[in-house]
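The values are calculated or read from the model by the stated rules, or taken from the named source; none is laboratory data. The structure presented is a predicted model; accordingly, all values stated were derived computationally and were not measured. As a convention, Cβ positions derive from the backbone with ideal geometry for all residues, glycine included, and neighbour counts pool all protein chains shown. Ligands, DNA and RNA are excluded from the accessible area calculation, which covers all protein heavy atoms including side chains. Shrake-Rupley method; radii C 1.70, N 1.55, O 1.52, S 1.80 Å.
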Amino acid sequence: MQIQFWQILLLTFLAFFGICENLMTNICAGQPVIIGTIAGIIMGDMTTGLVVGATLQLLMLGIGTYGGASIPDYMTGSIVGTVFAITSGQGAEFGIALAVPVGLLMVQLDILARFSNVFFQNRIEKAVDKLDFKAIARNTWMGALPWGLSRAIPVFLMLIFGSDLVDLIIKYLPDWLMGGLSVAGGLLPAVGIAILLRYLPTKDYISYLMIGFFLAAYLAVPMVGVAIIGLALAIISFKQSGAQSQNVVAVNGNSGQEDLVDGEFED
Amino acid sequence: MENLKINQQVITDEDIKKVSWRWIMASQITWNYEKMMAPGYFYAMLPVLRKLYTKEDELKDMMHNHLQFFNTTPHMGGFILGIDMATEESEGIKGKEAVNGIKTGLMGPFAGVGDTIVGVLIGTIFGSIAAYMGVNGNPTGVVLWMVVQALLMVGRYFTVGMSYKQGMKMVTSTRDRLNAITQAATLLGITVVGALIASVIRVNVAASFVSGEVTVAGQDVLDQIMPKLLPVLLVAGVYTLLGKKNMTSTKAILIVMVVSIILYAIGFLA
């Protein structure tokens, strides 16, 4: 299937919109499974976009730009991966294999965008000295440009010039590599899950990991069913910790104010 | 903090709406390495600042004051803005030190709780459901996640007004409650991840064992030991790998890709 120019424009806009919406209203939240699905709709094949996005999603579950850290940009990866999975006719696994390196390389542009915004910060500071409120507003909203363009320009270029390269790859790609990448597509979610388990206090909650695994592996309970049992366990835990903290308050009186300053959490 | 509002109230509901909306739209759009969310916080506070400080030098002073380093979870910043507004309304320019104390004192703890709940836990729970349904071609989970994110945004819109009206006490009690919620949600998240291990990792063993006349498919042997044995071992392996020094998630991804290609090439996996 040949990509149409209006599709390229729409997908370029999607990349711009995706990152800015993530920073603003946060409904699509820059998540590959959501953005990939939209890219699939634009390409007229939602399911492929959904599968590419969902697999990339598993690589970054629960991972965000905490404290301003840059993370692989699988949102942009999901757009590019979806497009080439559909245009090449090679299917979702091929798209995933392309999207992973794209997502990893895009980190550099995320850093560039975050750096570029220092420029607008300085302009805002200058505008404050002059009490130029229009310039303050203008330079605040201009901050969207480094964010949006750092995603939109690479997507535009990859969609314009990428298809020849992708054709070349498909023509010369040996079977062992193609099949190997397809196997990798199945295994990669394990990496995302392991990264997530490193984030979460897994060792303290290992029994719940086992409960969830048992329900899915042995009883074949679907995910929503597992979530319902998890929710039930969560409510029990919440009620118990609520009872405990009431006791603590009774003992300590009301000393909440001080511990606000030296909170136990670090950003 | 209780009898804060001795001074005449000048901040109206209109102002609160303006601040809430500006915080949603602009809090991160000028995020930068130097002062992170500072321009966003400043831009959200600007309508209130212009109203409270009528003298030019005071206004400039406080404007620059709000352009100092700030960073927290976007979903939690509204609580801090509300307290800040109430303090500045009653104290005026004299409250500058107090305001800076509130901002720097609250942004860290709120980021800790906020990143955990909004980023890690909601992302884990609803991301898992969306991805699990998604790999099977079902978009329901995607829609569900978007609905949850939209509800979060609506809730976030009201945080500024809530904390402006109820003050520090409400912020403290919210944080206590959030700690209990964090614990409960962590438990739920980890349960879901356990199920995820069993359902989204695809490993097909192509190799088979030959002993004399009998050929046994490798996958069948493994399934008899435990269903989904290889996904469990794989996750455990990568988990251990990530604990090693100098190991990054990018390296782990590349290692898994290379190993997949090798195992496919020798005919062990398909």
With the charge dipole of chain A built from beta-carbon charges (+1 for Lys and Arg, -1 for Asp and Glu) about the Cα centre, the Cα from A:238, A:112, A:218 projecting farthest to the positive end belongs to A:112
Share of accessible surface on carbon and sulfur in segment B:3-138, whole %, 1.4 Å probe and ligands ignored, is 52
Over 28 Å between alpha carbons, listed pairs B:60/B:103; A:126/B:169; A:134/B:18; A:130/B:165; B:103/B:244; A:134/B:169: A:126/B:169; A:130/B:165; B:103/B:244; A:134/B:169
What does the C-alpha gyration tensor say about the overall shape of segment A:1-147? Classify as rounded when a/c is under 1.5, otherwise prolate if a/b is larger than b/c, or oblate. prolate
If every Lys and Arg gets +1 and every Asp and Glu gets -1 at its Cβ, then about the Cα centre segment A:19-167 yields a dipole, in debye to the nearest 20, of 580
Could you put B:93, A:193 in order of accessible surface area, largest first, with the 1.4 Å probe and the full protein assembly present? B:93, A:193
The B/A contact buries a total accessible area, at probe radius 1.4 Å and rounded to the nearest 100 Å², of 9800
Kindly express, to the nearest 10 degrees and within the range 0 to 90, the angle between helix B:56-65's C-alpha long axis and the longest C-alpha principal axis of chain B. 20
Taking every residue in A:196-204, how many Cβ atoms of other protein chains lie within 10 Å of its Cβ, on average? 6
Using the Cα atoms of segment A:87-146 to build a convex hull, what is its mean projected area in square nanometres? 5.4
Across peptide B:251-260, what mean number of C-beta atoms from other chains lies inside 10 Å of a residue's C-beta? 6
Which one, A:72, A:207, A:161, projects farthest toward the positive side of the charge dipole computed for the protein assembly as shown from Cβ point charges (K/R +1, D/E -1)? A:161
How high is the FRET efficiency from residue B:33 to residue B:60, r the C-beta distance, R0 35 Å, rounded to 0.05? 0.90
With unit charges on the beta carbon (Lys/Arg positive, Asp/Glu negative), name the residue among B:86, B:69, B:145 whose Cα is farthest towards the positive pole of the charge dipole of segment B:13-198. B:145
Quick check: from the Cα gyration tensor, does the protein assembly as shown come out rounded (a/c under 1.5), prolate or oblate? oblate
State, to one decimal in nm, how far the label point of residue B:262 lies from the label point of residue A:198, with both points 7 Å from Cα in the Cβ direction. 2.0
Tell me the angle of helix B:13-26 to the major Cα principal axis of chain B, expressed in degrees between 0 and 90 and rounded to the nearest ten. 40
Taking GluC sites (Glu not before Pro) that fall in a DSSP loop and have at most 15 other Cβ atoms within 10 Å as cut points, what is the longest piece of chain A between them? A:1-263
Tell me, what is the percent relative contact order of segment B:117-244, built from C-alpha pairs under 8 Å that lie six or more residues apart? 22
Determine the share of chain A's accessible area contributed by carbon and sulfur atoms, expressed in whole percent, with a 1.4 angstrom probe. 66
Going 7 Å from the Cα of residue A:153 along its beta-carbon direction, which residues of segment A:1-36 have the amide nitrogen within less than 14 Å of the resulting point? A:16
So how many Å³ per residue does the convex hull of the Cα atoms of segment B:13-198 work out to? 118
Find the all-direction average of the projected area of the Cα convex hull for segment A:85-206, expressing the result in square nanometres with one decimal place. 12.1
Longest chain B segment clear of trypsin sites (Lys or Arg not before Pro) sitting in DSSP loops (not H, G, I, E or B) with at most 12 other Cβ atoms within 10 Å runs B:56-243
Let me know the charge dipole size of the protein assembly as shown about its Cα centre in debye, to the nearest 20, where only the beta-carbon of Lys, Arg (+1) and Asp, Glu (-1) is charged. 360
Place a +1 charge on the Cβ of each Lys and Arg in chain B and a -1 charge on the Cβ of each Asp and Glu, then give the dipole magnitude about the Cα centre in debye, rounded to the nearest 20. 120
With every protein chain kept in place and ligands, DNA and RNA left out, what is the accessible area per residue of segment A:5-200? Probe 1.4 Å, answer in Å². 35
Segment B:203-265 - percent of accessible surface contributed by carbon and sulfur, probe 1.4 Å: 64
Helix B:249-265 versus the longest principal axis of chain B: what angle, 0 to 90°, nearest 10, using Cα atoms? 20
If contacts are Cα pairs under 8 angstrom and at least 6 residues apart, what is the relative contact order of chain B in percent? 17
Normalised convex hull volume, chain A, alpha-carbon set, Å³ per residue: 180
Can you tell me the relative contact order of segment A:64-203? Whole percent, Cα pairs under 8 Å, sequence separation 6 or more. 25
Kyte-Doolittle cut-off 0.0, length cut-off 27 Å along the helix's own axis using Cα: show which whole DSSP H helices in chain A pass. A:5-23, A:107-129, A:144-172, A:175-199, A:223-252
